[in-house]
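Asker: A single structure is presented below for examination.
The values are calculated or read from the model by the stated rules, or taken from the named source; none is laboratory data. All values derive from a computational prediction rather than experimental measurement. Cβ atoms come from the backbone with ideal geometry, glycine included; neighbour counts cover every protein chain shown. Surface accessibility is based on the protein's heavy atoms, side chains included, excluding ligands, DNA and RNA. Shrake-Rupley method; radii C 1.70, N 1.55, O 1.52, S 1.80 Å.
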Amino acid sequence: IRCWSNIPFITVPLSRAHGKSFAHRSELKHAKRIVVKLGSAVVTRGDECGLALGRLASIVEQVSMLQNQGREMMIVTSGAVAFGKQRLRHEILLSQSVRQALHSGQSQLKDMAVPVLEARACAAAGQSGLMALYEAMFTQYSICAAQILVTNLDFHDEQKRRNLNGTLHELLRMNIVPIINTNDAVVPPPEPNSDLQGVNVISVKDNDSLAARLAVEMKTDLLIVLSDVEGLFDSPPGSDDAKLIDIFYPGDQQSVTFGTKSRVGMGGMEAKVKAALWALQGGTSVVIANGTHPKISGHVITDIVEGKKVGTFFSEVKPAGPTVEQQAEMARAGGRTLAALLPEQRAEIIYRLADLLTDQREEILLANKKDLEEAENKGRLALPLLKRLSLSTSKLNSLAIGLRQIAASSQDSVGRVIRRTRIAKDLDLEQVTVPIGVLLVIFESRPDCLPQVSALAIASGNGLLLKGGKEAAHSNQILHHLTQEALSIHGVRDAVQLVNTREEVEDLCRLDKLIDLIIPRGSSQLVRNIQKAAKGIPVMGHSEGICHVYVDTDASVEKVTRIIRDSKCEYPAACNALETLLIHRDLLRTPLFDQIIDMLRVEQVKIHAGPKFASYLTFSPSEVKSLRTEYGDLECCIEVVDSVQEAVEHIHKYGSSHTDVIITENEKTAEFFLQHVDSACVFWNASTRFSDGYRFGLGAEVGISTSRIHARGPVGIEGLLTTKWLLRGDNHVVSDFSEHGSMKYLHESLPLPQRNAN
């Protein structure tokens, strides 16, 4: 027997064999039997008199959704006292005699005092109404609910415990949601609760312990405890340094300071933690979360079951490495140290990484071979993704060359003065480049992305969090190890972190206090998902690479097939590969057009006809389903336009503002195209594949941005920098510049310092 407060707990209930809780949040989606505990603060209104109907309806909707998925849901609820309190107050006011009301006067009637209501009487008056409300709400989803009232004494009698267990199992078997509450009408009176203006309410500890008992007794997979706080904090919520604890492990109690109790009821977070740990010991996973926040209460229960990072998750399995929050903090601290290094020292780190890529070639290729074999055996990757996953000696050599370019060009990237202004005498202002902060780069099937992005982060002095796809786990692991080895030569090993925990991408995108910029590298679906999931963190990237090549009437026969072949066939899985070929109408049924079609057939490119192109043909290829398609393979769409103007309009309507090309010998037409196409990269007589940081001379890129803010096109070092303002004065105050002050603004532009010629 273990005793907390005055409530005894049987460590291992007789009717339940010892189970094992889930080790990770991602496993919660497999929970079959779930108990949802609704605290008084969740169920009641802010004035503690009556129920929060909208919030309760949302909770019922979520429970119903999970019940209809085939799960077995149970609710432990508070609220009878608050509901009864509302009803009794109403009855008391109505029972005032008309004579007394008239004698008191209208003004005094408004201030008529309501006597203090005894909590058990409130519970007795409110239980039937509370249950009727639950029944009405669940009926909307064709679900039946049943009420069970218990007291602590029911758990002391073995026969009563067995009866309760049997009743609950029978209700669950019949697909009925049991709604359990302590029988507050007969329990001993609670201690006075001063913060409720003298009105006693039943202790929340009863329902916390009740929920934990039932969860273990019923061999429940998951217990969700909803209150009016986000979860468990490492210091009292609301204090400056308070941080939400994502995962709480048994034995961590000594590192936690418990704050004040819930708004309603006598129990606090300490009581919830004790109940949660007891349930965890009995084999039930536990999450404590906020059920009152208007932005999340409508999906908090379903989010928890889906494994999203909501509230505090109790786990018996402690990971060997740091949490992702700790990794982000390490990256922040390491990035600041990195930014404080001399430019030559940062360059030295990148040169060292370039050397390691070639020196450790065999180990890298061996790890990559493991990834390729696992991907092929599981058959989970399409051919284009397998090509992206594959590393080779030539790829590693190209990577090393690119990294050396970055090192050579990074000498004056951080701390470069881009503007100097003399505000007044002895008051000089400078605008200088500084790192953005902590970058989160999420990439799939591209292990070569890791050293490229790492080098750019190092050159720009940014901390870096990397989240790679599990299909490249072995390759990413060794490449990250080599990156940290290079960073170690100047003691900044922690500046680049590889996230190895089982974090969902959506959860990473919520770390707005720790991450300053998210850069996705992967499929258009990945980028869209991240843009949707990012909460308060800017996302740099493009969701699609729908690149066009327009063949004008004045195009050179020699150039057309070379440029189209290179744009489509050189690497069809790349985001800068040709997807739509626009042909001027006058070129149809000409030798040039025949050459284009013959070349595509030889290269085994599947052709999809646009609507206008199909209308010109008797027997056309399959008509395109959408003109906004990124194929990522040996496929492309061909469409006909009447002029360069129509080509521009087509690109603006169906393109993704990535890279678009014109092939023509007419300079006037080319310049019109270059000036009017509103894309990140616009080329004349050159392959779309030149849209690349390495080919632009940037050494490498973190991605290609189609955004219109901050950075656009291939993003190198410059795109990872922002600025700050430095003002150097000598006892200057603004009042000196007032109408009758002694100083005047000069606002003179000053020459910039000479940049490093190297």
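Asker: Please work out which residue is farthest from the chain's Cα centre (by Cα), limiting yourself to the stretch 672-696 and to residues that are more than 19 Å from residue 566 (Cβ to Cβ) and assigned to a loop (DSSP other than H, G, I, E, B).
Answerer: 677
Asker: On the basis of being within 26 Å of residue 223 (Cβ to Cβ) and either modelled with pLDDT under 80 or out of contact with any strand residue (DSSP E or B) (no Cβ under 7 Å at 6 or more places or on another chain) (or both), does residue 79 make the cut? Explain how you work it out, then say what you get.
Answerer: Values: within 26 Å of residue 223 (Cβ to Cβ): yes; either modelled with pLDDT under 80 or out of contact with any strand residue (DSSP E or B) (no Cβ under 7 Å at 6 or more places or on another chain) (or both): yes.
Here the answer is yes, as residue 79 does meet what is asked.
Asker: Only residues that are open to solvent by 30 Å² or more (accessible area, probe 1.4 Å) and free of Cβ contacts under 8 Å to residues at least 60 places away in the same chain: list them for the stretch 383-400, please. Before you say what the answer is, go through the steps one by one.
Answerer: Step one: list which residues in the stretch 383-400 are open to solvent by 30 Å² or more (accessible area, probe 1.4 Å), which gives 383, 385-388, 390, 392-395, 397-398.
Result: 386, 390, 392, 393, 394, 395, 397.
Asker: From the list 269, 218, which residue is of a type outside the set (S, T, N, Q), buried (at least 18 other Cβ atoms within 10 Å of the Cβ) and modelled with pLDDT under 75?
Answerer: On the way: 218 fails: modelled with pLDDT under 75.
So the residue among 269, 218 that is of a type outside the set (S, T, N, Q), buried (at least 18 other Cβ atoms within 10 Å of the Cβ) and modelled with pLDDT under 75 is 269.
Asker: Moving on. Considering only residues that are small (Gly, Ala, Ser) and open to solvent by less than 30 Å² (accessible area, probe 1.4 Å), look in the stretch 401-420 and name the one that is nearest to residue 444 (Cα to Cα).
Answerer: First, pick out the residues of the stretch 401-420 that are small (Gly, Ala, Ser): 402, 407-410, 413, 415.
Within this subset, residues satisfying the condition of being open to solvent by less than 30 Å² (accessible area, probe 1.4 Å) are 402, 407, 410, 413.
Numbers: 402: 21, 407: 25, 410: 27, 413: 29 Å.
Among them, the one singled out is 402.
Asker: Just name the residue that is surrounded by the most Cβ atoms within 10 Å (Cβ to Cβ) out of those in the stretch 308-330 that are more than 15 Å from the chain's Cα centre (by Cα) and assigned to a helix (DSSP H, G or I).
Answerer: Initially, the stretch 308-330 is screened for residues more than 15 Å from the chain's Cα centre (by Cα), giving 312-323, 326-327, 329-330.
Those left that are additionally assigned to a helix (DSSP H, G or I): 326-327, 329-330.
Values: 326: 12, 327: 23, 329: 18, 330: 19.
By that ranking, first place goes to 327.
Asker: Continuing with this model, one more query. So in the stretch 629-661, with the set limited to residues that are touching a Gly at 6+ places or on another chain (Cβ under 8 Å) and of a type in the set (D, E, K, R), which one is nearest to residue 584 (Cα to Cα)?
Answerer: Among them, the one singled out is 639.
Asker: Filter the stretch 489-505 down to residues that are surrounded by 16 or more Cβ atoms within 10 Å (Cβ to Cβ) and not in a loop (DSSP other than H, G, I, E, B) and give me whichever is nearest to the chain's Cα centre (by Cα).
Answerer: So the residue we want is 505.
Asker: Same structure again: Whether any residue in the stretch 524-532 is closer than 26 Å to residue 332 by Cα, open to solvent by less than 10 Å² (accessible area, probe 1.4 Å) and in a loop (DSSP other than H, G, I, E, B) is what I want to check.
Answerer: Checked the stretch 524-532: no residue is closer than 26 Å to residue 332 by Cα, open to solvent by less than 10 Å² (accessible area, probe 1.4 Å) and in a loop (DSSP other than H, G, I, E, B).
Asker: Among the listed residues 515, 458, identify the single one that is open to solvent by less than 40 Å² (accessible area, probe 1.4 Å), closer than 30 Å to residue 396 by Cβ and out of contact with any strand residue (DSSP E or B) (no Cβ under 7 Å at 6 or more places or on another chain).
Answerer: Working: 515 fails: out of contact with any strand residue (DSSP E or B) (no Cβ under 7 Å at 6 or more places or on another chain).
Residue meeting the stated conditions: 458.
Quick grid of which residues meet (1) touching a residue at least 40 places away in the same chain (Cβ under 8 Å); (2) touching a His at 6+ places or on another chain (Cβ under 9 Å); (3) in the same structural domain as residue 558 (by the TED database):
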site: 593; (1), (2), (3): no, no, yes
site: 597; (1), (2), (3): no, no, yes
site: 611; (1), (2), (3): no, no, yes
site: 632; (1), (2), (3): yes, no, yes
site: 636; (1), (2), (3): yes, yes, yes
site: 647; (1), (2), (3): yes, yes, yes
site: 659; (1), (2), (3): yes, yes, yes
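Condition check ((1) modelled with pLDDT under 85; (2) touching a Ser or Thr at 6+ places or on another chain (Cβ under 6 Å); (3) assigned to a helix (DSSP H, G or I)) across all residues:
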{"residue": "700", "(1), (2), (3)": "yes, no, no"}
{"residue": "707", "(1), (2), (3)": "yes, no, no"}
{"residue": "710", "(1), (2), (3)": "yes, no, no"}
{"residue": "724", "(1), (2), (3)": "no, no, no"}
{"residue": "731", "(1), (2), (3)": "no, no, no"}
{"residue": "736", "(1), (2), (3)": "no, yes, yes"}
{"residue": "751", "(1), (2), (3)": "no, no, no"}
{"residue": "757", "(1), (2), (3)": "yes, no, no"}
